[in-house]
Amino acid sequence: MGFWQRGFRYLWRKRGKSFTLFGIFVVVSTLLLVSFVILQTAEEAGRRMREKTGSKILLQTKDGKGGISEETLSRIGTLPEVSRMNRTRNHLASPSGFAPLTKAASEEPENRMVTLRAMDDTEEDGLFAEEKYRLLEGAPIDRDTRHGLLVDSLLAEANGLSVGDELSFETEEGKRASGRIVGIFFSGMERRQDDSVFSAYRIENQVFTDQGLFEELFGGQEYVSVSVYGRSPERLEELHGELEEIVGEEVELSTSDTLYERLKAPLRQVVSVTTLLLALTVVTAAVVVSLLLSMWMRTRQKEFAVLLSLGSPKREILFQTFTEVALLFLLSVLAAACLAGILAGRAFPALFVSGELGALAAAKVEGRHLAALLLFGGALVLSSAGIAALPSLKNNPRDILSRMEE
């Protein structure tokens, strides 16, 4: 009988002990897998943030209202270190043909309006680049978009809207303009807003559009923020000084490094806690599994001594032990994949509620996470099994049998 057959039969014969060890493996595998999912997703999110922030300086008005004029941008555009700009401006508008979502009972005009946010490129900067908003379907707003709109999924669902539908807006002066939906996004924070918030300021009533449609409605309104991209990271500080001279004290300036650190801070906290959890899991698992396997092997000393006396090589007994442990571990990986998948789908969105952690809220168990668990967890349990079996294999079979008879 081969060592693998003996391993299978032993697990079946000792079902109680096998189930206990399997349960411990499931707990350990689930904790390891969840840690791998969080750490790898956070690492990727940080890398995407770094790429999206790039070498840029963000100009923002201190009061959150328009204050950066076209004249100022024209002067900035003449600087040799400036490669491009991404402009943002906002204004309230009345929807025509669809209804904004609100829970407030107020009859104020702002409770019947939406906020139009015009950007040159939604993927390059702002809430989408920071992964606070996620595009579910369609395409982003870019510099080639003409009268395009991005709407929240809850607003689209409530009004029966989809990509390709046309929406109209009207200003207080009676100007009208229409655009076509090119994408639908989701934040995850929509249902966490206070019921008293007027419709114009609710997340689900924020509509992103291009500068052309915005100008058709509101003319040359000033900008609330502008991202200025430099040609070389090495001269970003020099560009920062030149911009300060142009914009004055009414506009705040932040470099890409400052933006990256601000966006990365919540992720860094999660990574620190998860790394600590992973370290505690590994240490605890190594101790508990090693002790449990040592107790298990101590009860099998007579079995091993008999097999050695009958001429079975020590390596076969060691391979039998590895087979038993590996089978239980593989089964625990399957169970852990199911449990981690449930946690990722239900617990992560509730735990990671802030916009900066949106990438973690959408994290899923993938093949690379399972591969990391198989490699790391497999090495952990097999090494523990080898260490536990070593004392029994080092002793002389006659000495073991003599002690057993006594």
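For residue 137 and residue 338, compute 0.36 nm times the residue count separating them, minus their Cα-Cα distance, and round to one decimal in nm. Spell out each step's value before the answer.
Working: separation 201, 0.36 × 201 = 72.36 nm, distance 2.73 nm.
Length gained, residue 137 through residue 338: 69.6 nm.
Shown in residue order for region 341-347 are the 3J(HN,Hα) couplings computed by the Karplus curve 6.51 cos²θ - 1.76 cosθ + 1.60 at θ = phi - 60°: x, 5, 4, 5, x, 10, 7 Hz (x for Gly and Pro).
One chain, two ends: residue 84 and residue 368. Fully extended at 0.36 nm per residue, the span grows by 98.5 nm beyond their Cα-Cα distance.
The slack between residue 69 and residue 275, meaning 0.36 nm per residue of separation minus the straight C-alpha distance, is 69.5 nm. What the phi angles of region 323-336 give under the Karplus curve with 6.51, -1.76 and 1.60, with θ = phi - 60°, is a coupling list of 4, 4, 5, 5, 5, 4, 5, 5, 5, 5, 5, 5, 5, 5 Hz, glycine and proline written as x. Per-residue SASA remark: residue 201, around 120 Å² accessible (1.4 Å probe; ligands, DNA and RNA not included). A simple spin-label model places the labels of residue 375 and residue 123 3.0 nm from each other, with each point 7 Å out along Cα-to-Cβ. Shown in residue order for region 16-29 are the 3J(HN,Hα) couplings computed by the Karplus curve 6.51 cos²θ - 1.76 cosθ + 1.60 at θ = phi - 60°: x, 5, 5, 5, 4, 5, 4, x, 5, 4, 5, 4, 5, 5 Hz (x for Gly and Pro).
The values are calculated or read from the model by the stated rules, or taken from the named source; none is laboratory data. Computed from a predicted structure; not experimentally measured. Note that we place each Cβ from the backbone using ideal geometry, even for glycine, and neighbour counts take in every protein chain shown. Note: areas computed on protein heavy atoms with side chains; ligands, DNA, RNA excluded. Shrake-Rupley method; radii C 1.70, N 1.55, O 1.52, S 1.80 Å.
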